[in-house]
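**Student:** Handing you this structure, nothing more for now.
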Amino acid sequence: MMKLFIKNMVCPRCILSVQEIFKNAKVEVKNVSLGEVEIEEKNFSKKSKEIKASLQAVGFELLDDPTAQLITKIKSLLIQQVQSGLEEHFSIQKFLKSKIFKDYSSLSKLFSEVEGITIEQFFLLQKIEKAKELIIYNEMPLFDIANSLGYSSGQHLSSQFKRITGMTPTQFKAIGNKGRKSIDNLN
């Protein structure tokens, strides 16, 4: 079994796209999750150039560097957590330590050096982008959106939203999709 790390996987459609690439290359996939693919090694070495090219053609990148792999894993875990919902007292430190089994301060330092922002800033950007998505859908009141993203109140979400975007959730709602970014391009 071989584990590969893929940059820019940020959603369920990305998982389907990567599965299709490996299927077309006739490489058996055991599991695909955000940022990772587990495969049988037997056909990969012959097909690696084809797979790399196919991944790049749709905006992904196969990562060989251990540092890049670790950063991608951190990002994928945090994106997945935001997409699935958060508890009010969610702790990034405890969460990452339980998933990666490394000292948080060293992870944080490495992430900041490579990405130019802190893990917390990255996480906040992800939460605000998710809030934008939910605001545009117009299916939940702001209080429920705040609750689903781990905020203590709608006001807390509103103040962070305004600080990050420069506008209130109501102002954002008025402009719609024009203010959204793809989550793989947040920095």
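The values are calculated or read from the model by the stated rules, or taken from the named source; none is laboratory data. None of these values were measured; they are calculated from a predicted model. Here the Cβ positions follow ideal geometry from the backbone for every residue, glycine too, while neighbour counts run over all protein chains shown.
Yes or no, residue by residue, for (1) farther than 27 Å from Leu125 by Cβ; (2) buried (at least 19 other Cβ atoms within 10 Å of the Cβ); (3) touching a residue at least 40 places away in the same chain (Cβ under 8 Å):
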| residue | (1), (2), (3) |
| --- | --- |
| Ile6 | no, yes, yes |
| Cys11 | no, no, yes |
| Lys26 | yes, no, no |
| Val37 | no, yes, no |
| Glu40 | yes, no, no |
| Asn43 | yes, no, no |
| Gln56 | no, no, no |
| Gly59 | no, no, yes |
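**Student:** Can you name the number of the only condition in (1) assigned by TED's automatic domain parsing to the domain that holds Ser153; (2) among the aromatic types (Phe, Trp, Tyr); (3) in contact with a Leu (Cβ under 9 Å, 6 or more places away or on another chain) that Tyr137 fails?
**Tutor:** (3)
**Student:** Would you be able to say whether some residue in the stretch 141-151 is in a helix (DSSP H, G or I), outside the structural domain of Lys7 (by TED's automatic domain parsing) and touching a His at 6+ places or on another chain (Cβ under 8 Å)?
**Tutor:** Yes: one or more hits.
Rundown of residues vs (1) in contact with a Cys (Cβ under 7 Å, 6 or more places away or on another chain); (2) of a type in the set (Phe, Trp, Tyr); (3) assigned to a helix (DSSP H, G or I); (4) surrounded by fewer than 18 Cβ atoms within 10 Å (Cβ to Cβ), yes/no style:
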position: Leu70; (1), (2), (3), (4): no, no, yes, no
position: Lys75; (1), (2), (3), (4): no, no, yes, no
position: Ile79; (1), (2), (3), (4): no, no, yes, no
position: His89; (1), (2), (3), (4): no, no, no, yes
position: Gln93; (1), (2), (3), (4): no, no, yes, yes
position: Lys102; (1), (2), (3), (4): no, no, no, yes
position: Leu110; (1), (2), (3), (4): no, no, yes, yes
position: Glu120; (1), (2), (3), (4): no, no, yes, yes
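**Student:** I'm trying to understand the selection: among the residues of the stretch 90-141, which are among the small types (Gly, Ala, Ser) and touching a residue at least 24 places away in the same chain (Cβ under 8 Å)?
**Tutor:** Going through the stretch 90-141, the residues among the small types (Gly, Ala, Ser) turn out to be 91, 98, 105-106, 108, 112, 116, 131.
Correct list: Gly116, Ala131.
**Student:** When you scan the stretch 1-16, do you find a residue that is modelled with pLDDT of 90 or more, over 20 Å from the mean Cα position of the chain (by Cα) and either among the aromatic types (Phe, Trp, Tyr) or not assigned by TED's automatic domain parsing to the domain that holds Tyr151 (or both), even just one?
**Tutor:** The answer is no; no qualifying residue exists.
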